[in-house]
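Engineer: I'd like to ask you about the structure that follows.
The values are calculated or read from the model by the stated rules, or taken from the named source; none is laboratory data. Computed from a predicted structure; not experimentally measured. We place every Cβ from the backbone using ideal geometry, glycine too, and count neighbours over all the protein chains shown. Only protein heavy atoms, including side chains, enter the accessible area calculation; ligands, DNA and RNA are left aside. Shrake-Rupley method; radii C 1.70, N 1.55, O 1.52, S 1.80 Å.
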Amino acid sequence: MDVARVEAVNVVHRMRPGYFHDTAIDKRPLDGPVEVTANGLDGDRQIDSSHGGPDRAVYAYSGEDAEWWTAALGVPIPPGTFGENLRTRGLDVTGALVGERWRIGGVLLEVRMPRTPCHNLSLRMGIERFHVTFNRTGRVGAMLKVLEPGRLEAGNRITVVDRPSHDVTIGALTGRPDVDRMRRLLDSQVPLAAKVRARAQRSVAHA
């Protein structure tokens, strides 16, 4: 079995005009180690609360899903294209469980929620309503919380150190919520981001 690793570490290259305001979606790979704090990667930027905060401090996207998009669109998807901080290899990010924890270098990260794509992704790709198509595939990547700050770099091994008992994955949360899964998520006692907990509670209450 291949070892999961970080393929690239990306931070903002330059600010670009966005749909409502400037966006930091243009990210490019870094050489060497980077410091990671509770607010994200040193050298990166988060423009507003809907794109950042502790539950969205780091954004990971798998190289395998990027290759799927290359085949679907007929264009290369180099690291940072979707605004991700970490491009991974050998790790099923779409299949990661909410609350799953990863050790990368000296950093401990927790999977918190799917990325919610917005119009800025469509502008970045030059494809109208691409963010809607992106979301429908479930291949949206994972937003991560920094539990233990430290340093990481491209080439670091990714070790999954904890997987919760429920079966709610990042991909499962991008579509219509399954009531039974949402119940299992709430019953698991995994600490949830407020947005995820509210969605699960709404789903169960309206069943």
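Engineer: Calculate what fraction, in whole %, of the accessible area of region 128-207 sits on carbon and sulfur atoms when a 1.4 Å probe is rolled over the protein chains. Present the calculation step by step, with values, prior to reporting the outcome.
Structural biologist: Details: 1960 of 4500 Å².
Summing carbon and sulfur atoms, their accessible area is 43 percent of the total for region 128-207.
Engineer: Something else about it: How large is the helix-only mean residue ellipticity at 222 nm for the chain, computed as the sum of -39500 (n - 2.57) over DSSP H runs with n ≥ 4, divided by its residue count, in deg cm²/dmol to the nearest 500?
Structural biologist: On the way: 6 runs with 52 residues, N = 207.
Theoretical 222 nm ellipticity from helices: -7000 deg cm²/dmol.
Engineer: What percent does the relative contact order of region 99-168 come to when contacts are Cα pairs within less than 8 Å and at least six residues apart?
Structural biologist: 50 percent
Engineer: Report the equivalent ellipsoid semi-axes for the chain in whole Å, largest first, defined as the square roots of five times the eigenvalues of the gyration tensor built from alpha carbon atoms. Kindly include the intermediate steps, with their values, before the conclusion.
Structural biologist: On the way: eigenvalues 121, 87, 55 Å².
Those come to 25, 21, 17 Å.
Engineer: Averaged across orientations, what area in nm² does the convex hull of the alpha carbons in region 1-94 project?
Structural biologist: Values: hull surface 28.1 nm².
Averaged projected area of region 1-94's Cα convex hull equals 7.0 nm².
Engineer: Placing unit charges on C-beta atoms (Lys and Arg positive, Asp and Glu negative, everything else neutral), compute the dipole magnitude of region 1-105 about its Cα centre in debye, rounded to 20.
Structural biologist: With only Lys, Arg, Asp and Glu charged at Cβ, the dipole is about 140 debye.
Engineer: Tally Lys and Arg at +1 and Asp and Glu at -1 over the other residues with C-beta under 13 Å from the C-beta of Gly90: what net charge comes out?
Structural biologist: On the way: positive: Arg5, Arg87, Arg89, Arg157; negative: Asp2, Glu7, Glu64, Asp65, Glu67, Asp92.
Its environment carries a net charge of -2.
Engineer: For a protection proxy built on the mean count of beta-carbon atoms within 10 angstrom, sort 131-137, 13-19, 182-188 highest first, please.
Structural biologist: Averaged packing, sorted descending, gives the order 182-188, 131-137, 13-19.
Engineer: While we're here: Compute the relative contact order of the chain as a whole-number percentage, counting only Cα pairs closer than 8 Å that sit 6 or more residues apart in sequence. Walk me through the intermediate numbers first.
Structural biologist: Working: 460 pairs, mean separation 53.5, N = 207.
So the answer I get is 26 percent.
Engineer: Using per-residue counts of other Cβ atoms within 10 Å, averaged over each peptide, order 101-110, 73-82, 156-165 from highest down.
Structural biologist: Values: 101-110: 21.1, 73-82: 16.6, 156-165: 14.5.
Descending mean neighbour count gives 101-110, 73-82, 156-165.
Engineer: Name the residue farthest towards the positive end of the dipole of the chain from the options Leu41, Ala194, Val179, assuming +1 on Cβ of Lys and Arg, -1 on Cβ of Asp and Glu, about the Cα centre.
Structural biologist: Going by the Cα projections, it comes out as Val179.
Engineer: What's the magnitude of the charge dipole for the chain around its Cα centre, counting Lys and Arg as +1 and Asp and Glu as -1 at the beta-carbon? Answer in Debye, nearest 20. Walk me through the intermediate numbers first.
Structural biologist: Details: 29 positive and 25 negative charges, 105 e Å.
Charge dipole of the chain: 500 debye, to the nearest 20.
Engineer: Work out the FRET efficiency for Asp162 and Asp31 from their Cβ-Cβ distance, taking R0 = 30 Å, and round it to the nearest 0.05.
Structural biologist: Numbers: r = 31 Å, r/R0 = 1.02.
Efficiency, rounded to the nearest 0.05: 0.45.
Engineer: Moving to a separate point now. Could you size up the charge dipole of region 143-207 around its Cα centre, putting +1 on the beta carbon of Lys and Arg and -1 on that of Asp and Glu, and report it in debye to the nearest 20? Display every interim value, and only then the final one.
Structural biologist: Details: 12 positive and 7 negative charges, 47 e Å.
About 220 debye.
Engineer: Any idea which of Ala66, Ala96, Ser122 is furthest toward the positive side of the dipole for region 53-127, if Lys and Arg beta-carbons carry +1 and Asp and Glu beta-carbons -1?
Structural biologist: Positive-most Cα among the choices belongs to Ser122.
Engineer: Eigenvalues of the Cα gyration tensor times 5, then square-rooted: what semi-axes does that give for region 69-155, in whole angstrom, largest first?
Structural biologist: Values: eigenvalues 127, 41, 28 Å².
Semi-axes from the Cα gyration tensor: 25, 14, 12 Å.
Engineer: Can you find, among Ala24, His131, Pro78, the residue sitting farthest towards the positive end of the charge dipole of the chain, where Lys and Arg contribute +1 and Asp and Glu -1 at Cβ?
Structural biologist: Farthest towards the positive end: His131.
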